[in-house]
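Undergrad: Quick one: this structure, given as structure tokens, is what I'll be asking you about.
Any read-out appearing in this document is the output of simple, stated calculations on the displayed coordinates, not a laboratory observation. Note that the structure is predicted; figures quoted are calculated from it, not measured. Positions of Cβ are generated from backbone atoms using ideal geometry, with glycine treated the same way; all protein chains shown enter the neighbour counts.
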Amino acid sequence: MKPVTKVVIPVAGWGTRSLPATKNIPKEMLPVYNKPVIQYVVEEAQSSGMNDVILVTNRDKSVIEDHFDHNLQLEGYLESKGKLDMLKSVKDVAEMVNVIGIRQKEQKGLGHAIMCARSAIGNDPFAIMVGDDVIFSGTPGIKQLVDVAMSENMPVVGVMEVPWDCVDRYGIVDGEEVGLGIYRVNDMVEKPAKDKAPSRLAIVGRYVLTPDIFECLDQTEPGVGGEIQLTDAMRTLCKKRGMMAVKIRGKRFDAGNWPEFLAANIYFGLQDEKVRYPLIEDLKQFLVLE
Ligand code: UTP
């Protein structure tokens with residue numbers, strides 16, 4: 001397989017689970033400690049060798065593209081005040097990657113969002129990273145998939161074990177473990193009932209796919225809610241050319257889920273020495289039960 005240098009990050013959803021916070025601010029721009037959610041995702045892509053980032057956006061999300069561009073007025077102000085660390089941090093974000101913005105003009109699901117990126121992908125293998133899933137790990141989450149895709153010459157989907165009570169919220173993989181945390185996928189099923197689920201290996205927002213996924217998406221009929229499901233197209237791809245699953249080593253936070261979003265803020269705050277101890281003191285006070 002050719003090296004994976006392009007990533008599609010779909011960010012065009014409504015973010016209804018996060019309302020009213022997301023009435024005018026995209027979910028992907030909500031801060032986790034001192035950076036917006038999307039910056040963690042793009043940093044993961046960049047540190048995995050992907051410099052071409054295709055953002056699938058909508059008319060209300062141009063602020064996401066702006067975040068990865070220069071703000072010359074702000075940079076000039078920071079320079080004039082000698083705030084050079086801050087200046088570096090805002091310049092670094094602007095210079096991180098090449099951003100290609102593509103509009104999804106109707107919100108017809110994740111599969112449809114990926115179809116919108118077709119012309120930017122061309123004939124190369126590519127990654128997909130869902131714009132509201134933050135993964136904190138040693139080896140970046142998407143790099144763990146790329147390594148297996150390159151060695152097996154096959155598409156790869158990222159999975160994590162979830163409690164049995166949660167399987168009906170995810171696409172679930174039916175696979176055989178062929179190496180530590182590496183599975184050959186037989187099939188996958190979208191949001192199964194607990195007693196019908198083949199495993200508790202849930203598909204999380206990381207994929208490495210081959211460009212023939214677009215033909216599979218063309219053949220995919222809209223499913224639940226009229227949406228084109230990526231999982232349905234991946235089932236076709238899996239039958240056609242095989243697929244692997246990798247259990248991602250690390251901690252994942254879904255920014256669209258309030259408890260996980262709040263936990264992510266505390267987690268990343270605790271990593272910073274300056275914030276750690278005052279934060280722990282505050283938390284101790286909140287956690288005293290009456
Ligand atoms: P989600 O279902 O998690 O996001 O989709 P959502 O639709 O924004 O959020 P809720 O459920 O209403 O709270 C997974 C990812 O796919 C993108 C979303 O932006 C998110 O990053 N997506 C979803 C699109 O880009 N287009 C769509 O039509 C649907």
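Undergrad: Compute the signed sum of charges (Lys and Arg +1, Asp and Glu -1) over the other residues within less than 12 Å, Cβ to Cβ, of residue 187.
TA: In short, -1.
Undergrad: Where does helix 141-152 land angle-wise versus the long Cα axis of the chain, in degrees 0 to 90, nearest 10?
TA: On a 0 to 90 degree scale, this one is about 30.
Undergrad: Let me ask something else. Counting alpha carbon pairs within less than 8 Å and at least 6 residues apart, what relative contact order, in whole percent, applies to the stretch 12-113?
TA: Working: 99 pairs, mean separation 34.9, N = 102.
Relative contact order here is 34 percent.
Undergrad: Now for a separate question. Counting other Cβ atoms within 10 Å, keep those with at most 12, restrict to DSSP loop, and tell me which GluC sites (Glu not before Pro) in the stretch 76-114 are left.
TA: 106
Undergrad: Would you look at the GNM of the chain, springs on alpha carbons closer than 10 Å, and say which of 81, 194, 91 moves the most?
TA: 81
Undergrad: I want the local charge near residue 92. Using Cβ-Cβ distances under 13 Å, sum +1 for each Lys or Arg and -1 for each Asp or Glu among the other residues.
TA: Numbers: positive: 35, 88, 91; negative: 43, 69, 75, 85, 95.
Residues near residue 92 contribute -2 overall.
Undergrad: Distance from the Cα centre of the stretch 1-72 to that of the stretch 142-204, in angstrom?
TA: One Cα centre to the other: 24 Å.
Undergrad: Would the stretch 1-150 count as rounded, prolate or oblate if I go by the C-alpha gyration tensor, calling it rounded below 1.5 in a/c and otherwise prolate when a/b exceeds b/c, oblate otherwise? Could the numbers behind the result be given before it?
TA: Working: a/c = 1.72, a/b = 1.25, b/c = 1.37.
Oblate.
Undergrad: Now for a different question. What lysines could a cross-link reach from residue 239, if we take a straight Cα to Cα line under 23 Å and drop same-chain neighbours fewer than 8 places away?
TA: The qualifying lysines are 2, 191, 196, 247.
Undergrad: In whole angstrom, and with the biggest value first, how far do the Cα coordinates of the chain range along each principal axis?
TA: Sorted from largest, the Cα extents of the chain read 59, 52, 37 Å.
Undergrad: Still on this structure: List, in order, the whole-Hz ³J(HN,Hα) value for each residue of the stretch 20-29 obtained from phi through the Karplus relation with A = 6.51, B = -1.76, C = 1.60 and θ = phi - 60°; use x for Gly and Pro.
TA: Result, rounded to whole Hz: x, 4, 9, 4, 10, 10, x, 3, 5, 9.
Undergrad: Further, regarding this structure: 222 nm [θ] for the chain, helices only, -39500 (n - 2.57) per DSSP H run of 4+, per residue, to 500?
TA: On the way: 11 runs with 105 residues, N = 290.
Rounded to the nearest 500, it is -10500 deg cm²/dmol.
Undergrad: Note down the relative contact order for the stretch 45-104 as a percent, whole number, built from C-alpha pairs under 8 angstrom at least six residues apart. List each step's numbers first, then the result.
TA: Values: 58 pairs, mean separation 34.9, N = 60.
RCO, the stretch 45-104: 58 percent.
Undergrad: Which loop chymotrypsin sites (Phe, Trp or Tyr not before Pro) in the stretch 1-103, with loop taken from DSSP, have no more than 14 other Cβ atoms within 10 angstrom of their Cβ?
TA: Working: sites: 14, 33, 40, 68, 77; in loops: 14, 33, 68.
For chymotrypsin sites (Phe, Trp or Tyr not before Pro) across the stretch 1-103 that sit outside H, G, I, E and B with at most 14 neighbouring Cβ atoms in 10 Å, the list reads 14.
Undergrad: Could I ask something else about it? Quick one: compute the contact order of the chain, relative version, from alpha carbon pairs under 8 angstrom and 6+ residues apart, as a percent. List each step's numbers first, then the result.
TA: Numbers: 540 pairs, mean separation 64.9, N = 290.
About 22 percent, as a whole number.
Undergrad: Could I ask something else about it? Of 145, 155, 80, which is farthest towards the positive pole of the stretch 43-182's charge dipole, taken about the Cα centre with +1 and -1 on the beta-carbons of Lys, Arg and Asp, Glu respectively?
TA: 80
Undergrad: Oh, and also: Once you sort the root eigenvalues of the Cα gyration tensor of the stretch 215-256 as a ≥ b ≥ c, which label holds: rounded (a/c under 1.5), prolate (a/b larger than b/c) or oblate (the other case)?
TA: Working: a/c = 4.19, a/b = 1.31, b/c = 3.19.
Oblate shape, in that a/c is at least 1.5 and b/c is the bigger or equal ratio.
Undergrad: Additional query: What does the C-alpha gyration tensor say about the overall shape of the stretch 137-223? Classify as rounded when a/c is under 1.5, otherwise prolate if a/b is larger than b/c, or oblate.
TA: Working: a/c = 1.79, a/b = 1.12, b/c = 1.59.
Since a/c reaches 1.5 but b/c is at least a/b, the shape of the stretch 137-223 is classed as oblate.
Undergrad: Sticking with this structure for a sec: Past 18 Å, Cα to Cα: identify those pairs from 88/251; 143/251; 23/91, in the order given.
TA: Working: 88/251 28 Å; 143/251 15 Å; 23/91 28 Å.
In this structure, 88/251; 23/91 lie more than 18 Å apart at Cα.
Undergrad: Turning to a different aspect of this structure: Could you please report the charge total around residue 79, scoring K, R as +1 and D, E as -1 over all other residues with beta-carbon less than 14 angstrom from its beta-carbon?
TA: Values: positive: 81, 83, 88, 91; negative: 75, 85.
Result for the neighbourhood of residue 79: +2.
Undergrad: Shifting gears a bit: From the phi of every residue in the stretch 234-247, what ³J(HN,Hα) in whole Hz does the Karplus formula 6.51 cos²θ - 1.76 cosθ + 1.60 yield, where θ is phi - 60° and glycine or proline is x?
TA: 3J(HN,Hα) across the stretch 234-247, in whole Hz: 5, 4, 5, 4, 4, 5, 6, 10, x, 7, 10, 10, 10, 6.
Undergrad: Taking θ = phi - 60°, what integer Hz values does the Karplus form 6.51 cos²θ - 1.76 cosθ + 1.60 yield along the stretch 113-124, in sequence order, with x for Gly and Pro?
TA: Coupling constants for the stretch 113-124: 4, 5, 4, 4, 8, 3, 5, 6, 8, x, 10, 10 Hz.
Undergrad: Can I ask one more? Return the single residue from 277, 170, 183 with maximal mean-square fluctuation; model: Gaussian network over the chain, springs between Cα atoms under 10 Å.
TA: Looking only at 277, 170, 183, the biggest GNM fluctuation is shown by 277.
Undergrad: Fewest Cβ neighbours within 10 Å first, please rank 224, 11 accordingly. Walk me through the numbers before you get to the answer.
TA: Details: 224 9, 11 25.
Taking fewest neighbouring Cβ atoms as first place, the list is 224, 11.
Undergrad: Relative to the Cα centre, what is the charge dipole magnitude of the chain, using +1 at the beta carbon of each Lys and Arg, -1 at the beta carbon of each Asp and Glu, and rounding to the nearest 20 debye? It would help to have the intermediate numbers written out before the result.
TA: On the way: 35 positive and 41 negative charges, 19 e Å.
Using Cβ point charges on Lys, Arg, Asp and Glu, the chain gives about 80 debye.
Undergrad: To the nearest 10 degrees, how steep is helix 84-95 against the longest Cα principal axis of the chain, on a 0 to 90 scale?
TA: 30 degrees
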